[in-house]
Amino acid sequence: MKYCSSCGGNISRRTPEDDNRERAICDDCGTVHYQNPLIVVGCIVESEGKVLLCKRSIEPRYGYWTIPAGFMELGETLAGGAARETLEEACATVDISHQFASVDVIDAGQVHIFFCGKLVGGFGVGEESLDTQLFSEDEIPWDDLAFHSGKFALEKYFEDRGENNGVHFHELRRSKTVVFRCLFCRCLLGKLQTTGQRRRRQVTTKQCSVLKHDRGCAG
C-alpha cells in the first residue's frame, strides 16, 4: 500500500501508540490501515466414493487440478462461501456436512478452510474451470494438484475414511534455497534450504571438482 484510501496521502509504516507492530499509516490524516489475513473457503465434494476436482482455467496454476475453493465474500458464512465456490467452479450443488481442515498459508497472508459435503445432482464446468471430474483416491492426479493446501486436505480426507475426526490443522511456509559456489571456478559446492522460521537444512555439499578445495560463497 502506497497511498491512503481515505485521503490519498502517502503511506508509511510505523508502530502506532498502544500497538506492538508496524502498520500502514497515512502521513496526512493519520488513518491506520490494518492488513489482515484473507480467508479462502473450499469443499471436498463426494459422490459414490469419489471426489470432485476442477481443472483451473485461470492463473495462478492454470491447467492444474484443485478442490472447488476461493476467497470468502462479505455477507456470507464459511460454509456458504464453500458452497458458492462449488457452484461457480463446478456448477454443482453440495450438501455440506462439517469443517475438517484449516491451513495457515503464512507468507501469502491467507487461511484456507475446507469442508466436506455430498454432491446433490449433477455437475458441470464453470467459468474458472477447463474441466471437472470425479476421482477415486487412486485416480487423483496428485502430481498435478494446484496447491499444497488442497493436497493436504485431500490426504486428510482419505485418511478419515468418511469419519468426522475433527479439524486437521496445517501450516505452510515458503522455503528458500541458498546456493554456494566455488569462489574461483563457480562450480556448485552445496545448498542450504531455509524457511520463514529460520530453520536450515543441509541439502548437498562437496569439494570443488576442479581445484580440489571447498572454499565457497553464497551466490
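Here are some notes:
- Neighbour-count ranking [beta-carbon atoms within 10 angstrom, fewest first] of S149, S102, S129: S102, S129, S149
- Straight-line reach from K118: taking Cα to Cα under 13 Å and skipping same-chain neighbours fewer than 8 places apart, the aspartates and glutamates in range are E46, E48, D95.
- Using only side-chain charges placed at the Cβ, +1 for Lys and Arg and -1 for Asp and Glu, the dipole size of the stretch 38-172 relative to its Cα centre rounds to 140 debye.
- Between A108 and E17, the simple spin-label model (points 7 angstrom out along Cα→Cβ) gives 4.0 nm.
- Charge sum, other residues only, whose C-beta stays under 11 Å from E76's C-beta, Lys/Arg counted +1 and Asp/Glu -1: -1
- In sequence order, calculated HN-Hα J values of the stretch 2-11 (Karplus, 6.51, -1.76, 1.60; Hz; x Gly/Pro): 10, 10, 6, 6, 8, 10, x, x, 6, 10
- In this structure, the amide hydrogen of C43, modeled 1.01 Å from its nitrogen in the peptide plane, lies closer than 5 angstrom to those of F115, counting only residues at least 5 positions away or on a different chain.
- Neighbour counting of Cβ atoms within 10 Å sorts the residues W65, W142, fewest neighbours leading, into W142, W65.
- If R0 is taken as 35 Å, the Cβ-Cβ distance between T77 and E171 corresponds to a FRET efficiency of 0.90.
- The trypsin sites (Lys or Arg not before Pro) of the stretch 19-53 that DSSP puts in a loop, and whose beta carbon has at most 10 other beta carbons within 10 Å, are R21.
- The stretch 41-189: relative contact order in percent, alpha carbon pairs under 8 Å with at least 6 residues between: 28
- The stretch 122-178 shape via C-alpha gyration tensor axes, a/c threshold 1.5: oblate
- Tensor-based shape of the stretch 1-82 (alpha-carbon gyration tensor, a/c under 1.5 rounded, otherwise prolate or oblate): prolate
- Subtracting the Cα-Cα distance of E139 and E88 from their residue separation scaled by 0.36 nm leaves 16.0 nm.
FYI, it's all coordinate maths here, none of it is from the lab. Bear in mind that the values here come from a model prediction, so they are computed numbers and not experimental data. Positions of Cβ are backbone-derived with ideal geometry, glycine not excepted, and every protein chain shown enters the neighbour counts.
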